[in-house]
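Q: One structure coming up, written as C-alpha cells, with questions to follow.
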Amino acid sequence: MTSTRHNPLRDPQDRRLPLIAGPCSLVIFGVTGDLARKKLIPAVYDLANRGLLPPGFSLIGFARRDWEDQDFADIVYESARAHARTPFREEVWDQLAAGMRFVPGSFDDDQAFEQLARTISELDVARGTGGNHAFYLSIPPTFFPDVVDQLRKHGLAEAAGAWRRVVIEKPFGHDLHSAKELNAIVSEVFLRESVFRIDHYLGKETVQNILAFRFANGMFEPIWNSHYVDHVQITMAEDIGIGGRAGYYDGIGAARDVIQNHLLQLLALVAMEEPVSFNAYSLRIEKQKILANAHPPERLDLHTARGQYAAGWAGGEKVGGYLQEQDIASSSTTETYAAIRLDIETRRWAGVPFYLRTGKRLGRRVTEVAVVFKRAPHQPFSKTATEELGENALVMRIQPDEGVTLRFGAKVPGTAMEIRDVNMDFAYGGAFVESSPEAYERLILDVLLGDPPLFPQHEEVELAWEILDPIMKFWAGHGKPESYPSGGWGPASADEMLARDGRVWRRP
Ligand code: BG6
C-alpha cells in the first residue's frame, strides 16, 4: 500500500489542495493529555477529512494506560467528534480507525519501546507506512531526554531508506542553559533536519499573513521603519485562568510560557528584513538577526512589569485569584502577566520600542500586533480640530476576529473642521470563503511532509532565551508580582511602564 493508491478521502476535482503526505505514521507520546485530545487528534482527523493524509496513514498512541487498540480508538473518536473543525464522516473515520494502535507503557519501560518497534514494523507491512514515522512528544519536558534516549536505544530514531522525525512541544528548556542541554541531547540522536520544534503560533494563518502583508504589498514596507513608526505593541491577552494546568504553569509563568516563543516569533516576523526566499534557511536567518539584536533596556525595573491575577470577574461570573487555584501554593510568585520593552539595534528600528505583553484573566481574549505611527510632522489645523485625533495605527488582528485594521483621522461631517479616528477594516470572514485550518493541522501536515519553514531551529530558541534570561533573573530577585483583578487589563505597573515613555497601551 503506498500513497499513490486511490485515496477515497481526496477530492480530485479540487486543484487547490496542497501536497498530500506520503506513506507514514504519527506516534503520539502523552496521548491522554489535554493537548493531544483537544488539538492533535482533532487536527489528524481534519487532515484525513481534507484528504491530505495517505490512505495507509496510521496513528499510534503511547501512554501509561491499560488499554487495547480499541480503547484508544474510542478516545480518538470522542476527541475527533468533540473538537474537530470539519464535519464528521463515517468513511473517513473507518479508514483512519483501521490504522490505530496503542502501546501501553511508561517512558522508562524497555519492553514498551520494544513493543512500539514491533508495532511500527507491523504497520510498515500491513498499512504500507514505508518505515516513515514521526514521534510527537506531547509530554512534560522533564521526560524529553528519556524518550529520545529510548527511541535511540530501540533503533527507532533512524531507518535505512526511510525518515524518522521527532516533534517537540514547548517549553524548550527553562532558560538558556537548559535549552542548550536539551538541544545537545536531541541532536545526539536526531539529525538537525529531523527535529521539528512546535510553536503553534507559526501555524496560524494570520501569523503567516504577516509575511504576505509585508512582502507582497508595495505600500507598507516604505514606512515600516523608524522614520515613520513610533512604536510597536504586541499583545496576547487571554480571558481564561490556568484551569487545570497548575502542574505545568506554576514555576513557569507568563513570560516563559508565551513570550519566549509566540510573542518573540511575532516580533521577529514583524521586524525582520525581507528574506531572499521563503525557504526555511532564509527565513530563519532573518528572524535570527532580529532576535540577536533585540534587548531589553538596561533599567529592568522601569521597562518590565509583571502581575498575578487576583479575584475578580470572568465571563460574567465572580472568580477567585491565582493563589486560590487548585494545586497552587499560597506563596507562589509565578507571574500570570508579563510586559517587557525591547529595543532592536538595527538601522531600521533604532529608537522604536517594541512593547510585548501577555496575561491570563484579562478583559478579553485577543492577540494583535499594533504598529503605531508617528504623528504628521505638521498639522495645519486648529488645536480643537485635532483634539480627538489619535495616532495612526496598523493593527494585525491575529485572533479572534482575524484581519487587519488601519486607524487614521477623518473629518467629522459638518461645517466645522473636526477630525476624529476612524477604522478601515479587512476581515478574513468577509474577504474569503475558505475557512482557516487550525494551526496544528498545518504544522502536523508539514511534519509529515518534512517541510521545515514554520519550525524554529535551536538557534532561535536560544536567542529568545538570551533575551529573557536577564529579565527572569531580575524578577526572581525582586519579590512577588503585583496583583491585578481578574477581568481587568493587568497591573498598574504595566501602565506606568508605558506612561514613563509617554505612551499608553491600546485597549483592544
Ligand atoms: C500555549 C500556552 O502555548 O498557548 C497557553 O501554553 C495558552 O498558556 C495558549 O493558553 C494560547 O493559545 P491560543 O492559540 O489559544 O492563543
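Q: In whole angstrom, how far apart do the alpha carbon centroids of region 87-109 and region 206-242 sit?
A: Computed from Cα coordinates, the inter-centre distance equals 40 Å.
Q: Hey, what does the equivalent ellipsoid look like for region 204-304, semi-axes from the Cα gyration tensor as sqrt of 5 times each eigenvalue, largest first, whole Å?
A: Values for region 204-304, descending: 28, 18, 14 Å.
Q: Enter the accessible area per residue of the chain (Å², integer; probe 1.4 Å; all protein chains in place).
A: On a per-residue basis, 45 Å².
Q: A follow-up question, please. Calculate the tail of P(r) for the chain: the fraction of all Cα-Cα distances greater than 31 Å, expressed in %.
A: Here the long-distance tail beyond 31 Å is 49 percent of all Cα pairs in the chain.
Q: Tell me, what is the percent relative contact order of region 147-284, built from C-alpha pairs under 8 Å that lie six or more residues apart?
A: RCO, region 147-284: 22 percent.
Q: If I compute solvent accessible area with a 1.4 Å probe over the protein chains, what percent of it on region 50-206 is carbon and sulfur?
A: Accessible surface attributable to carbon and sulfur in region 50-206 totals 47 percent.
Q: Could I ask something else about it? Can you list the lysines whose alpha carbon is less than 29 Å from that of Lys289, not counting same-chain residues fewer than 8 positions off?
A: Cross-link targets: Lys170, Lys180, Lys204, Lys374, Lys473.
Q: If we count every other residue with Cβ under 11 angstrom of Leu59's Cβ, Lys/Arg +1 and Asp/Glu -1, where does the sum land? Could you put the intermediate results ahead of the total?
A: Numbers: positive: Arg101, Arg127; negative: Asp69.
Every neighbour counted, the sum reads +1.
Q: Same structure again: How high is the relative contact order of the chain? Use alpha-carbon pairs under 8 Å, at least six apart in sequence, and give a whole percent.
A: Values: 932 pairs, mean separation 84.8, N = 508.
For the chain, the relative contact order is 17 percent.
Q: Just to confirm the number: angle between the C-alpha axis of helix 458-476 and the first principal axis of the chain, 0 to 90 degrees, nearest 10?
A: Relative to the chain, helix 458-476 is tipped by roughly 60 degrees.
Q: Just to verify a number: FRET efficiency for Ser435 and Ala82, C-beta to C-beta distance, R0 = 25 Å, to 0.05?
A: The calculated FRET efficiency here is 0.85.
Q: What is the gain in length, in nm to one decimal, between Asp301 and Ile185 on full extension, counting 0.36 nm per residue of separation less the C-alpha to C-alpha distance?
A: Full extension of this stretch gives 38.2 nm more.
Q: Can you give the % of DSSP beta bridges in the chain that are antiparallel, to the nearest 5?
A: Once the DSSP bridges in the chain are tallied, antiparallel ones form about 55 percent.
Q: Place a +1 charge on the Cβ of each Lys and Arg in the chain and a -1 charge on the Cβ of each Asp and Glu, then give the dipole magnitude about the Cα centre in debye, rounded to the nearest 20.
A: The calculation lands at about 1120 debye.
Q: Something else: Dividing the convex hull volume of the alpha carbon atoms of region 135-179 by its residue count, what do you get in Å³ per residue?
A: 78 Å³
Q: Between the helical axis of 69-83 and the dominant principal axis of the chain, each derived from Cα atoms, what acute angle in degrees is found, rounded to the nearest 10?
A: 20 degrees
Q: Still on this structure, please answer the following. Output the relative contact order of region 132-173, whole-number percent, from Cα pairs under 8 angstrom with separation of 6+ residues.
A: About 62 percent, as a whole number.
Q: Further question: Given labels modelled 7 Å from the Cα in the Cβ direction, how far is it in nm from Ala427 to Arg64?
A: Between Ala427 and Arg64, the label points sit 4.8 nm apart.
Q: Please give the net charge around Gln326, taking every other residue with its beta carbon less than 12 angstrom from that of Gln326, where Lys and Arg add +1 and Asp and Glu add -1.
A: Residues close to Gln326 contribute a combined charge of -2.
Q: Which length gain, in nm to one decimal place, applies between Glu90 and Asp495 when the Cα-Cα distance is subtracted from 0.36 nm times their residue separation?
A: Going from the current span to full extension adds 140.5 nm.
Q: In whole percent, how big is the carbon plus sulfur part of the accessible area of region 385-508, probe 1.4 Å, protein atoms only? Don't skip to the answer; put the middle values down first.
A: Numbers: 3220 of 5940 Å².
C and S fraction of accessible area: 54 percent.
The values are calculated or read from the model by the stated rules, or taken from the named source; none is laboratory data. All values reported here derive from a predicted model rather than from experimental measurement. Backbone-built Cβ (ideal geometry, glycine too); neighbour counts: all protein chains shown. Accessible surface is based on the protein model in full, side chains and every heavy atom, while ligands, DNA and RNA are left aside. Shrake-Rupley method; radii C 1.70, N 1.55, O 1.52, S 1.80 Å.
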